[in-house]
Each structure stands twice: as C-alpha cells, then as structure tokens.
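The structure under discussion appears below in the form of structure tokens.
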Amino acid sequence: AQKVTQAQTEISVVEKEDVTLDCVYETRDTTYYLFWYKQPPSGELVFLIRRNSFDEQNEISGRYSWNFQKSTSSFNFTITASQVVDSAVYFCALSGNNAGNMLTFGGGTRLMVKP
Amino acid sequence: DAGVIQSPRHEVTEMGQEVTLRCKPISGHNSLFWYRQTMMRGLELLIYFNNNVPIDDSGMPEDRFSAKMPNASFSTLKIQPSEPRDSAVYFCASSRSAREVTYNEQFFGPGTRLTVL
C-alpha cells in the first residue's frame, strides 16, 4: 500500500519569507515517482514537478526547489521569497511501479502568503 | 495545445436527477482518470482508463456511478440517481503512458463543480 503524508495542513507566512512544505511517503515499490501539484484559489490542479526514485539530486526552478531524501522517505518543497501569488493548496503525490498509472495524493497543505 | 477539457464547469441539480460529466483528454494521451475532491475526503481517484479500457474502478463509490470511454478523445462520468452527498468537484486528468506502466505526470482539467440539492 502506498501513502503520502503532508503533516502541515495550513501554513501562513508573510511575503518574502521562505517556506518549506513537507511530504513524507510510504511505498514498498523499488521504483516510484514523486510529484508536486499546485491548486490555486481558481481550483485547477497544476503540475509542478516529477522526480523518480533513482534521482536524488535536488532540483531548483526559479524560486522553487525540491529536496528528495530517500533515507527519510521525504520530498520537501521550498518556496524562496514567497509571493502572494504563491497562495494555494499544494499536493504531494506518489506513483509506484505496482500502482500502474495511479497517483496517491497527500492531503494537501494550504499556503497563505500575506502581503 | 489545448489542455484537458471538461464540461460543464458548474452543475446544479436536484436529488434523484441524472448527471453526466464530460471530459476530453489531451490529444495523444492514452490514460484518463476521474477524481472527486471534497473537503472531507480530499482527492479521490474514482476510475482510470488506459487505451479506452477501464483498468481500475475500485474508487467508484457505488452502482449509481458509471464511467465510459467510447473513444480516445471522450469520456463520461454519470451519476444516476444523484444524491446531495455527491456534491463535489470532479476532475478529469490525462497522461501519456507506454506499455503497462508509466509514471508520467497527469494533467488535470478545470473540474466540474457539482451541487446536488
């Protein structure tokens, strides 16, 4: 069975602060992929990143960075110098080789960035 | 390129009525997923098609729900009869897969907000 846990249900920061969203996963699969999605107030789900289990290099894309640590089964997401437009619900998801194409989503973290 | 298209965007209906939600996946994608999102239960996978064939429907709540994918560019999710507890946002997503297993990202449609009175 697969499981994704996002322990932080809600985070509030002031603009320009850095913020890290935690994601911890469980899987028995040896090969798996991890994902982050953003759901802004408008409601659509926007794909942000995919990472496979064999690649533990951290990734940076502009103000976004991801830290994948297999040893702790974590795939954390950091937003540097947060902006009001970053306010959204962020979902971490997992897909393993025994789950076919299916994603297991975490419960989401609501990020509120105040001006 | 057009993303995943869903219609209607909003649906308000009365208990007992039939509801049909529609989805057009991204051209070239051969996997299609229906999800339901509620405050209480979060995002739930209802059913997943690969090459128009239902692969896993274990998330479909009950017999009132049915889904079809008659061709590669169209899918429907039907609720008959609808109940107030079916009120939720229903998302359709698609991805490109190869052979049996792939881990490609899923691209989501804008969702259909269903309210059953």
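Structure data summary
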{"item": "Single residue of A:61, A:65 found to be under 15 Å from the mean Cα position of the chain (by Cα), closer than 24 Å to residue B:108 by Cα and exposed (fewer than 12 other Cβ atoms within 10 Å of the Cβ)", "result": "A:61"}
{"item": "Tabulated pairs, segment B:49-68, first within 14 Å of another protein chain (Cβ to nearest Cβ) and more than 11 Å from residue B:30 (Cβ to Cβ), second β-branched (Val, Ile, Thr) and not in a strand (DSSP E or B), C-beta under 6 angstrom, 6+ apart or interchain", "result": "none"}
{"item": "Test: residue in segment B:76-86 that is surrounded by 15 or more Cβ atoms within 10 Å (Cβ to Cβ), within 14 Å of chain A (Cβ to nearest Cβ) and either more than 12 Å from the chain's Cα centre (by Cα) or part of a strand (DSSP E or B) (or both)", "result": "no"}
{"item": "First in segment A:27-55 and farther than 25 Å from residue A:88 by Cβ and more than 7 Å from every other protein chain (Cβ to nearest Cβ), second anywhere and hydrophobic (A, V, I, L, M, F, W, C) and in a loop (DSSP other than H, G, I, E, B), Cβ under 8 Å, 6 or more apart", "result": "A:28/A:1; A:29/A:99; A:31/A:54"}
{"item": "Conditions (1) in contact with a Gly (Cβ under 7 Å, 6 or more places away or on another chain); (2) modelled with pLDDT of 95 or more: number failed by residue A:27", "result": "(2)"}
{"item": "Members of segment A:92-101 found to be facing another protein chain (nearest Cβ under 7 Å) and either at pLDDT 95 or above or under 15 Å from residue A:25 (Cα atoms) (or both), listed by number", "result": "A:95, A:97"}
{"item": "Among the residues listed as B:20, B:13, the single one being in contact (Cβ under 8 Å) with a residue 12 or more places away in the chain and farther than 22 Å from residue B:70 by Cβ", "result": "B:13"}
{"item": "Within segment A:1-43, considering residues that are touching a Cys at 6+ places or on another chain (Cβ under 8 Å) and polar (S, T, N, Q), the one surrounded by the most Cβ atoms within 10 Å (Cβ to Cβ)", "result": "A:6"}
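The values are calculated or read from the model by the stated rules, or taken from the named source; none is laboratory data. Keep in mind that what you see is a predicted model, and the values were worked out from it rather than measured. In this analysis, Cβ positions are derived from the backbone assuming ideal geometry, glycine residues included, and neighbour counts consider all displayed protein chains.
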